[in-house]
Amino acid sequence: MTDMKQQRYDVVIVGGGAAGLSGALTLARARRSVLVIDAGEPRNAPASHVHNYLGRESTPPGELLAIGRGEVAGYGGEIVEGRVASAERLPGEGEDGFRVVMEGGSTVEARRLLVTTGLVDELPPVPGLAERWGREVLHCPYCHGREVADRPIGVLSTGPLAVHQALMWRQWSDDVTLFRHTGPEPTDEEYEQLAARGVAVVDGEVSGLEVTDDRFTGVRLAGGRVVPREALVIQARFTARSAVLESLGLVPVAQEMGGEVIGTYIPTDPVGATEVPGVWAAGNVTRLTEQVIGAAAAGLMAAGAINGDLIAEDTRTAVEARRRG
Ligand SMILES: Cc1cc2nc3c(=O)[nH]c(=O)nc-3n(C[C@H](O)[C@H](O)[C@H](O)COP(=O)(O)OP(=O)(O)OC[C@H]3O[C@@H](n4cnc5c(N)ncnc54)[C@H](O)[C@@H]3O)c2cc1C
């Protein structure tokens, strides 16, 4: 990564994960000047491999991004390390122009913005859980289910979605235990479903995780009892990293699923346009359940829409100039 070469770009992309790099690749290939500013904290960094990315199944997350950065640079796209603090519309430029302010105070200008800053997984406050996140403490069966197939799996209930999670993970193992913890009591119908699928239910709060030789080995209950498990499924709260979009006047909204608020996101139209003209968003900051390949696809779609918007503006400017003679 190098320092930025220009003071003004067609597009500045805030965030260099799958969504941002994919948008940058599309824009660079469309011969737009594009700068990606990335703080280097992709959401799946704790995981050892990326799954379900067709053509790159099981690639380490850092390797996938390094390949993407090389592809962007190959078409002249620029990528710099850094964290954007805020962005603002340049005065008097109508829709066309933003100032992006980095932490530390340096600035760069852009005609359009694409914000792909992802989300933060807020984990339930159980001691020891954060240390195992992405290793044996898991949330997504499509990301990790195959890797823990047929093993003893626990599901930590912190809300009404936990029963759904337990029934889901049962697809990957016939040894699934639902820990009631702080979640609600399952309904009679849910108890029947859990029993029919052979999912055990354990009452009582979970007080911690048992770890032996740097491996998660069991769930410790408040009374001291340990239930041996090799993986623990949790429901994280997905909080959009929306500070930059909020600085432009956008407001995150709550997303519900199965009677539970699972997080916050910034709404966009289907191709990523936000309510602020000239500003697009893609990836987890706007779709909380998006996987890597979906985030990359969203970055591509937003980039296409941004390029179309710039073409329309370039055409308007050319027509005005032609009329002026
Ligand atoms: C443990 C775990 C394992 C996962 N495994 C898989 C899997 O196997 N397969 C799969 O498809 N999905 C997986 N996912 C989901 C995957 O992580 C997301 O789908 C993907 O990261 C979304 O891409 P994104 O570009 O939207 O955000 P991210 O990848 O999170 O990238 C956002 C980038 O923006 C940067 N950023 C944030 N704020 C700023 C700022 N202010 N200024 C500059 N840069 C900023 C961040 O540092 C980061 O680099 C997993 C998730 C987790 C938590």
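Structure summary
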| quantity | calculated |
| --- | --- |
| Complete set of residues in segment 266-289 that are over 15 Å from G249 (Cβ atoms) and in contact (Cβ under 8 Å) with a residue 60 or more places away in the chain | G272, A282, G283, N284, V285, L288 |
| Considering residues of segment 133-162 that are in a loop (DSSP other than H, G, I, E, B) and either among the charged types (D, E, K, R) or in contact with a Lys or Arg (Cβ under 6 Å, 6 or more places away or on another chain) (or both) only, the residue farthest from D203 (Cα to Cα) | R135 |
| Residue list for segment 147-172, restricted to those being more than 24 Å from the chain's Cα centre (by Cα) and acidic (D, E) | D150 |
| Test: residue in segment 252-266 that is in the same structural domain as E57 (by TED's automatic domain parsing), charged (D, E, K, R), surrounded by fewer than 21 Cβ atoms within 10 Å (Cβ to Cβ) and over 22 Å from L27 (Cβ atoms) | yes |
| Criterion: at pLDDT 95 or above and either in contact with a helix residue (DSSP H, G or I) (Cβ under 8 Å, 6 or more places away or on another chain) or under 22 Å from V148 (Cβ atoms) (or both) - qualifying residue of R241, R237 | R241 |
| Scope segment 272-320; condition surrounded by fewer than 17 Cβ atoms within 10 Å (Cβ to Cβ), more than 16 Å from the ligand (Cβ to nearest atom) and either outside the structural domain of V72 (by TED's automatic domain parsing) or of a type in the set (S, T, N, Q) (or both); matching residues | T315, T317 |
| Conditions (1) of a type outside the set (S, T, Y); (2) away from the ligand (no atom under 16 Å from the Cβ); (3) touching a Pro at 6+ places or on another chain (Cβ under 9 Å); number of the one not met by L156 | (2) |
| Meets criteria (in the same structural domain as L21 (by TED's automatic domain parsing), in contact (Cβ under 8 Å) with a residue 24 or more places away in the chain, part of a loop (DSSP other than H, G, I, E, B) and buried (at least 18 other Cβ atoms within 10 Å of the Cβ)) for T117 | yes |
| Residues that are more than 8 Å from the ligand (Cβ to nearest atom), assigned to a loop (DSSP other than H, G, I, E, B) and surrounded by 20 or more Cβ atoms within 10 Å (Cβ to Cβ), drawn from segment 1-47 | R32 |
| Residue within segment 89-99 that is surrounded by 16 or more Cβ atoms within 10 Å (Cβ to Cβ) and under 19 Å from the mean Cα position of the chain (by Cα) present | no |
| Residue ranges of strands (runs of 3 or more DSSP E) in segment 183-250 with at least 1 members surrounded by fewer than 18 Cβ atoms within 10 Å (Cβ to Cβ), hydrophobic (A, V, I, L, M, F, W, C) and in contact (Cβ under 8 Å) with a residue 24 or more places away in the chain | 200-202, 206-212, 226-228 |
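Results for (1) among the aliphatic types (A, V, I, L, M); (2) within 19 Å of A281 (Cα to Cα); (3) within 9 Å of the ligand (Cβ to nearest atom); (4) part of a loop (DSSP other than H, G, I, E, B), shown as yes or no for each residue.
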site	(1), (2), (3), (4)
Y53	no, no, yes, yes
G62	no, no, no, no
A66	yes, no, no, no
G76	no, no, no, yes
A85	yes, yes, yes, no
P91	no, no, no, yes
V108	yes, yes, no, no
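The values are calculated or read from the model by the stated rules, or taken from the named source; none is laboratory data. Since the model is a prediction, treat every value here as computed from it, not as a measurement. A quick note on method: Cβ atoms are made from the backbone with ideal geometry, for glycine too, and the neighbour counts reach across all protein chains shown.
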